[in-house]
1. Can you name the residue in segment 25-39 that is more than 21 Å from residue 119 (Cβ to Cβ) and surrounded by fewer than 23 Cβ atoms within 10 Å (Cβ to Cβ) and, of all such residues, is modelled with the lowest pLDDT?
2. Just give me the residues in segment 111-125 being over 8 Å from the mean Cα position of the chain (by Cα) and either buried (at least 24 other Cβ atoms within 10 Å of the Cβ) or polar (S, T, N, Q) (or both), in sequence order.
3. How many of the residues making up segment 56-74 are of a type in the set (A, V, I, L, M, F, W, C) and either in contact with a Lys or Arg (Cβ under 7 Å, 6 or more places away or on another chain) or within 17 Å of residue 112 (Cβ to Cβ) (or both)?
4. Condition first: buried (at least 19 other Cβ atoms within 10 Å of the Cβ) and part of a loop (DSSP other than H, G, I, E, B). Now tell me which residues in segment 61-87 satisfy that.
5. Please indicate, with yes or no, whether at least one residue in segment 158-165 is among the hydrophobic types (A, V, I, L, M, F, W, C), on the phi < 0 side of the Ramachandran plot, buried (at least 22 other Cβ atoms within 10 Å of the Cβ) and not in a helix (DSSP H, G or I).
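The values are calculated or read from the model by the stated rules, or taken from the named source; none is laboratory data. Keep in mind that this is a model prediction, so the values were computed, not measured. Note that each Cβ is placed from the backbone with ideal geometry, even for glycine, and that neighbours are counted across all protein chains shown.
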Amino acid sequence: MTDELRAQVKEMMNKRPDIRFEANGESKEYSLYVYGPIGGFFFSENNAQNVRRKLQDIDAEKIHVHINSPGGSAFEGVAIGNILKNHKAETIAHIDGMAASAASVIAVACDKVIMPENTMMMIHRASTIVWGNAREMEKTANDLKKIDKALGASYKKRFVGSDADLDELLDEETYLTAEEAVAFGLADVVGEEIEIQDLEDLDNDEDGEEEPFQNAKDRLIAKLGRQNEPAAQLNSNQGKEHTPDPAEQPKQNLSKLFLNI
């Protein structure tokens, strides 16, 4: 399954970045759409400078941040997250499809994170492509470790487990369902499509036999899941804003040319 998801993330990297900012009628609520790869080049609209320009002069009480992104530039993701975190409005992240890599950093920076049942979040270590001699590669490795430490702070403010637990998930490049993200504290609400009672029934094992855990995520879900029960379903009026349909661009795999997480 992970290979399948990784292929989907790679395919999303070839989509045209699309960022939009829309007013919701005459209210003080706005919608910010972050679709496609994040940052990296001067022609990408999905960058912190563009988000800052869109938000700096608005008198908003709520900003709904809709995300469907494979990630991209680590630093742009952190910067966008900090812009949203420091805005006076309440920020609500809606994961419309996937919040992977740098996009997950943007999501967890918001005051509230909503994930419908069929959406996912992915977290992992920083990565890049480097060419050069041994000294240059050693320096890059050390730099990536520093970046990992800085980025870890974005998740730690929400994550309900220990630093060691989080490190395991990052090491394994972990894909989280909506319910798993809520169990770990990285999201707050599972969307209304999910049937909470049915999922609780599946979690109750009456046989008394403990199945071996396949990876760190499954083991930590068992350990931490009950510490942060999924919140109530969304009411029927949420999550129905119009979503843009980003078009494909020529397959250039631009993400390989800038630092990713």
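1. Narrowing segment 25-39 to residues more than 21 Å from residue 119 (Cβ to Cβ): 25-30, 39.
Then keep just the ones that are surrounded by fewer than 23 Cβ atoms within 10 Å (Cβ to Cβ); that gives 25-30.
On the way: 25: 70, 26: 73, 27: 80, 28: 89, 29: 93, 30: 93.
The qualifying residue modelled with the lowest pLDDT is 25.
2. Selection gives 113, 114, 115, 118, 119.
3. Going through segment 56-74, the residues of a type in the set (A, V, I, L, M, F, W, C) turn out to be 58, 60, 63, 65, 67, 74.
Narrowing the set further to residues that are either in contact with a Lys or Arg (Cβ under 7 Å, 6 or more places away or on another chain) or within 17 Å of residue 112 (Cβ to Cβ) (or both) leaves 60, 63, 65, 67.
Selection size over segment 56-74: 4.
4. Listed by number, the residues that qualify are 70, 71.
5. Residues of segment 158-165 that are among the hydrophobic types (A, V, I, L, M, F, W, C), as a first pass: 159-160, 164.
When the remaining residues are screened for being on the phi < 0 side of the Ramachandran plot, the result is 159-160, 164.
Those left that are additionally buried (at least 22 other Cβ atoms within 10 Å of the Cβ): none.
Within segment 158-165 (the criterion being among the hydrophobic types (A, V, I, L, M, F, W, C), on the phi < 0 side of the Ramachandran plot, buried (at least 22 other Cβ atoms within 10 Å of the Cβ) and not in a helix (DSSP H, G or I)), the answer is no, since none of the residues qualifies.
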